[in-house]
Amino acid sequence: MDSVPHNLVIGRPGSLARMGAEADRMLKDPKAMDRGYVPTIPEVIASMGMVFPGQTEGLDFTALKEPGDYDFVCTFPGHWRLIKGVMTVEKK
Ligand SMILES: [Cu+2]
């Protein structure tokens, strides 16, 4: 179990840098905490707000039809450079 909170933001392919820039920007945004540090940019296709140590949350969403490597990341300020991954959507 981790000892710090995280969120989960899934973005369009190639959106990691844009989401990361928003995460850095939100450090100075007093209202960002109310939004769970989820960026309000069109690149975001699904998200979940902050989850704290010991909590469990689930996220149901429908993946986009376009195949591609979708970036997912924690956008809590300071986390996005390390806590990230790629979800691959393929055609059947
Ligand atoms: Cu995090």
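Read-outs throughout are calculated quantities, based only on the coordinates presented, and are distinct from any laboratory measurement. Given the structure is predicted, the values throughout are model-derived calculations rather than measurements. Positions of Cβ are backbone-derived with ideal geometry, glycine not excepted, and every protein chain shown enters the neighbour counts.
Residues Val44, Val89, Val73, Val9 in ascending order of nearby Cβ atoms (within 10 Å, fewest first): Val89, Val44, Val73, Val9. Using C-alpha pairs under 8 Å with a sequence gap of at least 6, the mean separation divided by the residue count of the range 1-88 gives a relative contact order of 43 percent.
Remark: spin-label model distance Lys65-Asp24 equals 3.7 nm, labels positioned 7 Å along the Cα→Cβ axis. Shown here: the range 6-89, whose C-alpha atoms stretch 36, 27, 21 Å along the first, second and third principal axes, sorted largest to smallest. With contributions of -39500 (n - 2.57) from each DSSP H run of at least four residues, the per-residue ellipticity at 222 nm computed over the chain stands at -3500 deg cm²/dmol.
Ignoring lysines fewer than eight residues from Lys31 along the same chain, the ones with Cα atoms less than 24 angstrom from its Cα are Lys84. Size descriptors for the range 14-62, from the alpha-carbon set: Rg then Dmax equal 11.8, 32 Å. GNM on the chain, alpha-carbon springs under 10 angstrom: the most fluctuating residue among Asp29, Asp69, Asp60 is Asp60. What distance in nm lies between label points placed 7 Å from Cα along the C-beta direction at Thr88 and Ser3? Spacing of the two 7 Å Cα→Cβ label points: 3.6 nm. Computed over the chain with a Gaussian network model linking Cα atoms closer than 10 Å, the most mobile of Gly49, Gly58, Gly20 is Gly58. Among Gly54, Gly36, Gly14, the largest mean-square fluctuation in a Gaussian network model of the chain, built with springs joining Cα atoms closer than 10 Å, belongs to Gly54.
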